[in-house]
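Comments concern the structure below.
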Amino acid sequence: NHITVKLPFAFEPTMAQTVFDGLSKSAATVLGVVLGHPLYKIEEIANAIGLGRTRVAQIITELKALGRLERVGSKKGGYWKVK
């Protein structure tokens with residue numbers, strides 16, 4: 001028998017080098033979360049950073065248009081790729 005305790009963090013620190021120049025604070029935060037958790041869905045990203053699902057979807061659309069973020073695979077089984 002054991003107990004598992006999961007402590008939620010906004011994102012896990014990574015050693016990946018990503019340039020956040022020219023992005024809003026919200027967009028940079030979304031990229032930071034996606035770097036640490038590429039399998040997160042939009043709702044999970046929203047919960048991690050404390051923004052609404054609709055706002056996170058708008059930020060992701062903007063990041064895709066800028067070529068900074070790409071969804072690889074399906075909505076359910078895919079992952080996010082930061083460029």
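When only Cα pairs under 8 Å and 6 or more residues apart are kept, what is the percent relative contact order across the chain?
Computed value for the chain: 27 percent relative contact order.
So which aspartates and glutamates can LYS6 reach, going by Cα to Cα under 19 Å and dropping same-chain residues fewer than 8 places off?
List returned: GLU43, GLU44.
Which percent of the accessible area of the chain is formed by carbon and sulfur heavy atoms (probe 1.4 angstrom)?
56 percent
Which value in Å does the Kirkwood hydrodynamic radius of the chain take, with 1/r averaged over all unlike C-alpha pairs and then inverted?
When all Cα pairs of the chain are included, the Kirkwood radius is 13.4 Å.
Calculate the dipole size of the chain relative to its Cα centre from +1 charges on Lys and Arg beta carbons and -1 charges on Asp and Glu beta carbons; express the result in debye to the nearest 20.
Its charge dipole is roughly 260 debye.
Please compute the per residue accessible area over the chain with all protein chains in place, 1.4 Å probe, rounded to a whole number of Å².
73 Å²
Could you give the angle, 0 to 90 degrees to the nearest 10, between helix 25-36's Cα long axis and the longest principal axis of the Cα atoms of the chain?
Result, in degrees: 50.
The values are calculated or read from the model by the stated rules, or taken from the named source; none is laboratory data. Because the structure is a prediction, the values reported are computed rather than measured. All Cβ positions, glycine included, derive from the backbone under ideal geometry; neighbour counts span all protein chains shown. Note: accessible area is taken over every heavy atom of the protein model, side chains too, but ligands, DNA and RNA are not part of it. Shrake-Rupley method; radii C 1.70, N 1.55, O 1.52, S 1.80 Å.
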